[in-house]
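First the structure, in the form of structure tokens, and then the observations on it.
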Amino acid sequence: MRTALVAFLTTLAACGSAPESAPAEKAVAATETPQTPAEPAVQLPPPPRYVGRWAESADQCTDGWWRFWNDELLTKARLRCDILPPDVASTDEKRRMVCQSEGKWSREEWALAYPAADTMTISRDGGAPITLRKC
């Protein structure tokens, strides 16, 4: 019985934890981080010039605004237009739209002009031009 106990304790002592690694090894292991491959930078085109909030006058920036995104227009007067993706005929100065106003849908083509950096003139399918200023 005594021999079995000594053999058991000897085996138990041999199963102790692995030796502690040296401090230099710990420092290297702690600073190593998995390297992720760098993704190539994607150059996005600049947004169209019309993107932003516009109004006919500065005092209308809070209550008479037109809000353009890349693909949508909303106005305070409840005009909503989907700005269609550009094709060969569409540019920053000419955009095709599908608009809804008072429950009616229409397909339109708008001509946009920029007489100054903060000014845009819109001509809608033969209507009188509307001049907006950036808010």
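The values are calculated or read from the model by the stated rules, or taken from the named source; none is laboratory data. The structure presented is a predicted model; accordingly, all values stated were derived computationally and were not measured. Don't worry about glycine lacking a Cβ; one is built from the backbone with ideal geometry, like all the others, and counts go over all protein chains shown.
Considering (1) surrounded by 11 or more Cβ atoms within 10 Å (Cβ to Cβ); (2) over 23 Å from the mean Cα position of the chain (by Cα), the lone condition that G127 does not fulfil carries the number (1). Each residue in region 57-81 was checked for being closer than 16 Å to R96 by Cβ, surrounded by 15 or more Cβ atoms within 10 Å (Cβ to Cβ) and in contact with an Asp or Glu (Cβ under 9 Å, 6 or more places away or on another chain), and 2 of them qualify. Considering only residues of region 82-112 that are within 23 Å of the chain's Cα centre (by Cα) and loosely packed, with under 13 Cβ neighbours inside 10 Å, which is modelled with the lowest pLDDT? Step by step, filter region 82-112, then rank; the result is T91.
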